[in-house]
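Below is one structure, written out as structure tokens, with a few remarks after it.
Where a number appears in this text, it was derived from the coordinates with a stated rule and is not lab data. On a predicted model such as this, the values are computed, not experimentally measured, just so you know. Counting neighbours? That spans all protein chains shown, and the Cβs are built from the backbone with ideal geometry, glycine included.
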Amino acid sequence: MKINVNENFGKIKQNYLFSDIASKVKAFKEANPDASIIKMGIGDVTLPLPEPSVNAMIAAAKEMGVKETFRGYPPEYGYDFLREAISGHYKTLGTDVKASSIFVSDGAKSDLGNIVDILGDNEIIIPDPVYPVYVDSNTMSGRKITLVPGSRDNGFLPMPPEKKGNPAVIYICSPNNPTGAVYGFDGLKAWVDYALDTGSLIIFDAAYEAFITENVPHTIYQIKGADQCAIEVSSFSKFAGFTGTRCGWTVVPEGLESNGTKIAALWARRQATKFNGVSYPVQRAAEAALSPEGIKACMANIEYYRKNACMLAELLRSKDIFFTGGVNSPYIWLKCPNNMGGWEFFDMLLNKYGIVGTPGEGFGDAGSGYFRLTAFGSAEGTAEACQRLKDL
Ligand code: PLP
């Protein structure tokens, strides 16, 4: 063929992180067939769906098999029952997010990757280290990215530039993947004020909001003025175990506009053209996750993961190893002991202790020398890992 392809794909860092991890684990297993390996690497949930969601999904599937209750294409922006339920969730957080500003999707990753469609050529500000989708999707569309590094000094919570810059698109992930660090009210307010001052847009990723235990913002709309400068993307994946069921949402407030163009109108147009909605049974399951019984069941699962995080945090404290996360997040982000690199530490954990984690290098240059452990495993596995690491 002689067509031109999108050459920006050549600029994306080849991320072999999880395949490199898998091949190292495979080689270790082959050399040590009897070794028991504890996996604390991938950020996927392990507990099953909450019962209210399962029941709702079954009931909805039955409706689909009956002529009178069968439904065809769902609305592109989500059924009203789910948009209302999500709006109700924001009310419990003391914020007023209208159902009409909520766009239901098949997950946060799609929305975070697709949002670039409606944005022109702006400077892009992205914290480092972070969930790689922001950098990759902007690189694919040829955007210029400025990374703001997290470090031990700023607790992996970078703050806005001191000098007022140009209007930019700013990504914020709080609680953060991979560091587990979470902005307090003052920190998030500083970003919102910066965005308002510079005419910037914030894209706020709240995928881990349900893990928050401290008095910190669950949603950016808890900050005054955010409805004038921020889009929020969120998900049922970590809250309700929907990683394989797929449902999320994006809030685009009515008041968001740039040079007279309503951002919500652009996103509505984009979704209507390129997205055909989430299946009815999945939306009913998501609605059920937000019912009182659903929330109870989801929070019980989160509590289970949280206890795992506490075990890991205690171990690291007892070893005097610097870490962030674990309190408002399923992730623990630790400084590799003895100034080891992330991969060096990975090899040592695997070979000496049979434990798999994720080297910080996979989340950006500022992640070098750090390591991510997840609390999404079993309680027994996590306890066993802590036992094995006693002599670390
Ligand atoms: N945002 C962050 C920060 C994540 O870590 C993940 C998944 O790990 C996602 C979004 C993706 O969520 P979803 O499963 O809804 O696509």
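Worth pointing out:
- Think of each Lys and Arg Cβ as +1 and each Asp and Glu Cβ as -1; about the Cα centre, that makes the dipole of the chain roughly 460 debye.
- Spin-label model distance (nm) - LEU93 vs LYS307, 7 Å beyond Cα toward Cβ: 2.7
- Residue pairs, from the table LYS224/LYS296; LYS98/LYS307; LYS335/LYS390; LYS189/LYS262; LYS91/LYS296, whose Cα atoms sit over 25 Å apart: LYS224/LYS296; LYS98/LYS307
- Legend: calculated FRET efficiency, ASN259 to ASP347, from the Cβ-Cβ distance at R0 = 56 Å, rounded to 0.05, equals 0.60.
- Dimensions (Å) - the chain, Cα atoms, principal axes, largest first: 58, 57, 56
- Shown in residue order for segment 3-19 are the 3J(HN,Hα) couplings computed by the Karplus curve 6.51 cos²θ - 1.76 cosθ + 1.60 at θ = phi - 60°: 6, 7, 9, 6, 6, 4, 4, x, 8, 6, 5, 5, 9, 9, 3, 6, 6 Hz (x for Gly and Pro).
- With contributions of -39500 (n - 2.57) from each DSSP H run of at least four residues, the per-residue ellipticity at 222 nm computed over the chain stands at -11000 deg cm²/dmol.
- Theoretical FRET efficiency, 1/(1+(r/R0)^6), r = Cβ-Cβ of LYS390 and GLU7, R0 51 Å, to 0.05: 0.50
- Efficiency of FRET from Cβ geometry, ALA383 and GLU51, R₀ 35 Å, rounded to 0.05: 0.85
- Within segment 1-96, GluC sites (Glu not before Pro) in DSSP loop having at most 11 other beta-carbon neighbours inside 10 Å: GLU68
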